[in-house]
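Dropping a structure here in structure tokens format, bear with me for questions.
The values are calculated or read from the model by the stated rules, or taken from the named source; none is laboratory data. The shown structure was predicted, so the numbers you read here are calculated from the model rather than taken from an experiment. FYI the Cβ positions are ideal-geometry reconstructions off the backbone, even for glycines, and counts take in every protein chain you see. Ligands, DNA and RNA are excluded from the accessible area calculation, which covers all protein heavy atoms including side chains. Shrake-Rupley method; radii C 1.70, N 1.55, O 1.52, S 1.80 Å.
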Amino acid sequence: MLTTSTVFRAARTTRALQRSFSSSIVARVRRAVVYNANGNPAENLRVLSVPNTLDPPPPSTLNIRFLLSPINPSDINVIEGVYPAKPLPRNPSNLSQTDSNDSAERVFIGGNEGLAEVMEVGEGVQGLKTGDWVVMVKQQAGTWCSDTNVGEQDVVRIPKVDGRLPSEVDAATMTVNPPTAYNMLRDFVQLKPGDWVVQNGANSAVGQAVIQIAAHRELKTLNLVRDRDDFAALEARLTSLGATRVLPYSLLDPTVDKARAKETRTSLQSLFAGSPPRLALNCVSGAPTTHMSSLLGSNAVLVSYGAMSKQPLSLPTSLFIFKDLTSKGFWQSRWYKTHSREERESLMQELVTLIVNGKLREPENEVFTIGADQDDESSTHALREKIQKIQGGRYGKKLLIKFDVKR
Ligand SMILES: NC(=O)c1ccc[n+]([C@@H]2O[C@H](COP(=O)([O-])OP(=O)(O)OC[C@H]3O[C@@H](n4cnc5c(N)ncnc54)[C@H](OP(=O)(O)O)[C@@H]3O)[C@@H](O)[C@H]2O)c1
């Protein structure tokens, strides 16, 4: 129901929006992708310019500038207000943190993951210097911005391996998806070369990392994806990453074609040659996961880490009774919280080693540049259009935000 205060609030928000769009014609110094309140990101995200520069960093902090920051599905969920992690509110006039609870007087900067370059170090900072590449340790740091000040404990340096750094895209996308893939393949089932792993959402960034890390460990992967017109091209791309087999969900779905689903299962059973998968990775839920679970062998573990279909997980009871199926969840944020800085750095070292040795390639991607000469209103329009396209599904590329800022 619309109350008087909601109407006043909406009017104030609109005035604030108009002020921020018109402010884009004055010289802007810092920029961010922000939102005032939870809602649909294709409607509530906007590009905001603020006319202040960063102060010199206080002791034990750093000023950093973001080079590239991905838009992950969880970022969308945070903006929608359906994710159990929230960013801190910021003052819209200078992007500093604020205590205000008034949605017209505070904004949230989107983004959890990103690659930044150290611009200036405060007194007492050890182990980091100007020019280093860093990624976020702190969750929901607000990475969709041109530059910011962070505590030295909030970031970790990207290590060089044999004198080599990963690409900008690799570095910007390596704290969420590759570790999720790596840990899920390591922590639930003891797998040996030749073992099968089955996953859905196999063309996602996590799925692409699963395929490559599994191939590096000589594991076989059965990769399930949504049906699409260009299935053959996707199959070829995932196969080039190391996928053993790629299939569309419909081939396993008895409601689409019962006889064909049975035939597919029979042919997969002969492919598994008596050793069906004992690990299944699920980021989709809904019917595709029900069908995927029927391919599992005894004592298998189904690990759920996403629910892109927004449907609940439904598993046949018989799998628990007769095959002793275990169903578990995985959250990389929890992993980071429950592991030491040394363990996190060692995982990063492992991943950088895979990357610089060509074993883990950057996900299919597209850089969305917010141009230095593009005003806030047109940048906002272009960004919202892009988000809407991603929300439509089958986009096929990880979108990364880049600020091209006049300095
Ligand atoms: N638990 C964790 O710690 C953790 C860590 C990382 C990621 N995740 C989750 O893992 C999932 C993948 O993340 P990502 O960054 O790798 O994603 P991404 O690269 O953006 O890819 C999105 C994937 O979701 C699929 N998808 C989108 N809408 C769908 C729908 N309605 N039904 C079925 N599939 C749909 C896409 O398939 P199409 O190409 O067919 O659209 C694509 O495979 C997300 O749910 C994310 O939140 C969880």
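If a residue has to be part of a strand (DSSP E or B), buried (at least 18 other Cβ atoms within 10 Å of the Cβ) and either at positive phi or of a type in the set (A, V, I, L, M, F, W, C) (or both) to count, how many in region 144-168 make the cut?
Adding up the residues that qualify gives 4.
Out of V189, V169, V198, V225, I need the residue that is more than 11 Å from the ligand (Cβ to nearest atom) and touching a Pro at 6+ places or on another chain (Cβ under 7 Å). Which one?
Numbers: V189 fails: touching a Pro at 6+ places or on another chain (Cβ under 7 Å); V169 fails: touching a Pro at 6+ places or on another chain (Cβ under 7 Å); V225 fails: more than 11 Å from the ligand (Cβ to nearest atom).
Selected residue: V198, the only one of V189, V169, V198, V225 that is more than 11 Å from the ligand (Cβ to nearest atom) and touching a Pro at 6+ places or on another chain (Cβ under 7 Å).
Hey, any hits in region 294-302 for a residue that's within 16 Å of the ligand (Cβ to nearest atom), crowded, with 20+ Cβ neighbours inside 10 Å and under 20 Å from V206 (Cα atoms)? Walk me through how you get there before you give the answer.
Going residue by residue through region 294-302, those that are within 16 Å of the ligand (Cβ to nearest atom) are 301-302.
With crowded, with 20+ Cβ neighbours inside 10 Å added as a condition, the list becomes 302.
Next, only the ones that are under 20 Å from V206 (Cα atoms) stay: 302.
Yes; the residues of region 294-302 include at least one that is within 16 Å of the ligand (Cβ to nearest atom), crowded, with 20+ Cβ neighbours inside 10 Å and under 20 Å from V206 (Cα atoms).
For region 318-335, indicate whether the set of residues that are basic (K, R) and in contact with a Ser or Thr (Cβ under 6 Å, 6 or more places away or on another chain) is non-empty. If you could, list the steps in order and put the result at the bottom.
First, the residues of region 318-335 that are basic (K, R): 323, 328, 334.
This time we only want the ones that are in contact with a Ser or Thr (Cβ under 6 Å, 6 or more places away or on another chain), so: 323.
Yes, the conditions are met somewhere in region 318-335.
Condition first: modelled with pLDDT under 95 and of a type in the set (D, E, K, R). Now tell me which residues in region 131-153 satisfy that.
Listed by number, the list holds a single entry, K138.
Out of the residues in region 321-350 meeting the condition of being modelled with pLDDT of 95 or more and touching a strand residue (DSSP E or B) at 6+ places or on another chain (Cβ under 8 Å), tell me which one is nearest to E113 (Cα to Cα).
Once the filter is applied, the top-ranked residue is M348.
Between A181, A141, A171, which is part of a loop (DSSP other than H, G, I, E, B), among the hydrophobic types (A, V, I, L, M, F, W, C) and crowded, with 18+ Cβ neighbours inside 10 Å?
A141
Please specify each residue of region 324-371 satisfying the condition of being open to solvent by less than 60 Å² (accessible area, probe 1.4 Å), away from the ligand (no atom under 15 Å from the Cβ) and in a strand (DSSP E or B). Quick ask: steps written out before the conclusion?
So in region 324-371, the residues open to solvent by less than 60 Å² (accessible area, probe 1.4 Å) come out as 325-327, 329-330, 332-333, 335-336, 339-340, 344, 347-348, 351-356, 358, 360, 363, 365-366, 368, 370-371.
Cutting the leftovers down to away from the ligand (no atom under 15 Å from the Cβ) gives us 325-326, 340, 348, 352-356, 358, 370-371.
Result: T326, I370.
Residues in region 75-88 that are open to solvent by less than 30 Å² (accessible area, probe 1.4 Å) and of a type outside the set (A, V, I, L, M): how many?
Narrowing region 75-88 to residues open to solvent by less than 30 Å² (accessible area, probe 1.4 Å): 75-76, 78-79, 85, 87.
Of the ones still in play, those that are also of a type outside the set (A, V, I, L, M) are 75, 87.
Residues meeting the conditions: 2.
Taking only region 37-92 into account, find how many residues are of a type in the set (G, A, S), more than 16 Å from the ligand (Cβ to nearest atom) and in a strand (DSSP E or B).
Of all residues in region 37-92, those of a type in the set (G, A, S) come to 37, 39, 42, 49, 60, 69, 74, 81, 85.
Of the ones still in play, those that are also more than 16 Å from the ligand (Cβ to nearest atom) are 37, 39, 49, 60.
Of the ones still in play, those that are also in a strand (DSSP E or B) are 49.
Summing the residues that are of a type in the set (G, A, S), more than 16 Å from the ligand (Cβ to nearest atom) and in a strand (DSSP E or B) in region 37-92 gives 1.
Please work out if T130 is open to solvent by less than 60 Å² (accessible area, probe 1.4 Å), out of contact with any His (no Cβ under 7 Å at 6 or more places or on another chain) and either assigned by TED's automatic domain parsing to the domain that holds T61 or closer than 27 Å to L347 by Cβ (or both). Steps first, please.
On the way: open to solvent by less than 60 Å² (accessible area, probe 1.4 Å): no; out of contact with any His (no Cβ under 7 Å at 6 or more places or on another chain): yes; either assigned by TED's automatic domain parsing to the domain that holds T61 or closer than 27 Å to L347 by Cβ (or both): yes.
The answer is no for T130.
One line per residue, one yes/no per condition, for (1) among the aliphatic types (A, V, I, L, M); (2) touching a residue at least 40 places away in the same chain (Cβ under 8 Å); (3) not in a helix (DSSP H, G or I):
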position: V197; (1), (2), (3): yes, yes, yes
position: N203; (1), (2), (3): no, yes, yes
position: V210; (1), (2), (3): yes, yes, no
position: I213; (1), (2), (3): yes, yes, no
position: N223; (1), (2), (3): no, no, yes
position: D229; (1), (2), (3): no, no, yes
position: E235; (1), (2), (3): no, no, no
position: L238; (1), (2), (3): yes, no, no
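While we're here: Inside region 381-404, can you point out the residues that are touching a residue at least 60 places away in the same chain (Cβ under 8 Å), touching a Leu at 6+ places or on another chain (Cβ under 7 Å) and not aliphatic (A, V, I, L, M)?
Listed by number, the residues that qualify are R384, K402.
Specify which of the listed residues (P179, P193) is over 26 Å from V50 (Cα atoms) and touching a helix residue (DSSP H, G or I) at 6+ places or on another chain (Cβ under 6 Å). Spell out the reasoning first.
Values: P193 fails: touching a helix residue (DSSP H, G or I) at 6+ places or on another chain (Cβ under 6 Å).
None of the other options fit; the residue is P179.
Counting just the residues of region 93-120 that are in contact with a Ser or Thr (Cβ under 6 Å, 6 or more places away or on another chain) and either part of a loop (DSSP other than H, G, I, E, B) or among the hydroxyl-bearing types (S, T, Y) (or both), which one comes out modelled with the lowest pLDDT? First the steps, then the outcome.
In the first step, residues of region 93-120 are kept if they are in contact with a Ser or Thr (Cβ under 6 Å, 6 or more places away or on another chain); the result is 104, 106, 111, 113-114, 118.
After this cut, where a residue has to be either part of a loop (DSSP other than H, G, I, E, B) or among the hydroxyl-bearing types (S, T, Y) (or both) as well, the list is 104, 106, 111, 113-114.
Numbers: A104: 80, R106: 95, G111: 98, E113: 98, G114: 98.
My answer is A104.
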